[in-house]
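Some notes on the structure that comes next.
Nothing in this text is a laboratory measurement; each read-out follows from the coordinates by a stated rule. On a predicted model such as this, the values are computed, not experimentally measured, just so you know. Glycine gets a Cβ as well: all are built from the backbone with ideal geometry, and neighbour counts include every protein chain shown.
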Amino acid sequence: MSEGHVTHDGVIHERLPQAEGASAAGAPVAGTPRLRWVRRWETQLDDGELDRIREFLTRVFPNHPGGIQKAWAGSRPEVRLLGFDPADPASGGDPDSTAGELLAHIGITRRFLRSRQTGESVLIGDVGLVGVSPDRQGQGLGKELMRQTDASLAELGVAFGTLTTGENQIPFYSRAGWQIAPEKLHAIDLDDHREVFDGPFFFRPVLAPAAAWLPGELERNGREI
């Protein structure tokens with residue numbers, strides 16, 4: 001797949017350096033940021049901000065089944081990372097402003113993942129709605145977005161990050177340091193039916209090593225973001 005191609009997840013396939021592990025909580029994210037990053041908890045977002053996020057997701061995911069009707073697809077995120085052009089004058093110099101054109105987005109929610117084999121559960125940060133504005137792809141923003149995600153997962157205090165995606169996204173996430181889980185994932189689909197997810201299920205060691213990943217078939221008792 002050529003560089004610059006947009007997949008159904010809205011993320012460009014670009015060559016990413018192999019990540020060395022998620023940043024420790026509070027540690028600076030490696031590299032010079034190309035975007036101004038704003039973190040918003042879901043209860044902080046007003047209707048106008050949610051409308052702008054929905055418009056962004058509609059552009060990033062034009063072929064999403066059923067279309068993007070709201071600022072989320074399945075479960076609402078707990079927290080979002082929003083990326084803006086730092087030179088955009090709309091922010092008025094406020095580093096926490098959400099004014100201006102939204103260029104990148106990711107949603108995260110904390111939940112427990114359960115092993116059917118042992119009954120053990122572990123706290124994860126489930127990641128979804130990963131997107132870069134179509135007209136800004138090919139500029140390394142996907143790489144920066146995943147570095148910011150690593151830092152946020154560490155700050156949220158989770159053992160692992162997880163995400164589900166399509167086959168054509170395997171190179172992107174693998175180069176960002178994510179690993180494909182070999183176990184079956186039992187979950188709830190976007191139509192609220194039980195499913196055994198048949199696509200790539202990735203995990204990212206955060207505060208726990210890869211060796212601590214749960215054994216056996218796994219349960220995510222909720223819908224994806």
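Taking a point 7 Å out from the Cα of Asp51 in the direction of its Cβ, the residues of the stretch 72-109 whose backbone N falls within less than 15 Å of it are 99-100. Which residues in the stretch 58-90 have a backbone N closer than 14 Å to a point placed 7 Å from the Cα of Glu42 along the Cα-to-Cβ line? 70-81, by backbone N distance to the label point.
For the stretch 55-104, just say rounded, prolate or oblate: build the C-alpha gyration tensor, square-root its eigenvalues into a ≥ b ≥ c, call rounded for a/c under 1.5, and beyond that prolate if a/b exceeds b/c, oblate if not. The shape class here is prolate. Subtracting the Cα-Cα distance of Ser174 and Asp96 from their residue separation scaled by 0.36 nm leaves 25.0 nm. Within the stretch 102-122, whose backbone N sits under 19 Å from a point 7 Å along Cα→Cβ of Val196? Under 19 Å, as judged by backbone N against the label point of Val196, lie 114-119 of the stretch 102-122.
Per-residue Cβ neighbour counts within 10 Å put Thr164, Thr118 in the sequence Thr118, Thr164, beginning with the fewest. Of Ile180, Ile108, the sequence from fewest to most neighbouring Cβ atoms within 10 angstrom is Ile180, Ile108. Ranking of Phe172, Phe201 by neighbouring Cβ atoms within 10 Å, starting from the fewest: Phe201, Phe172.
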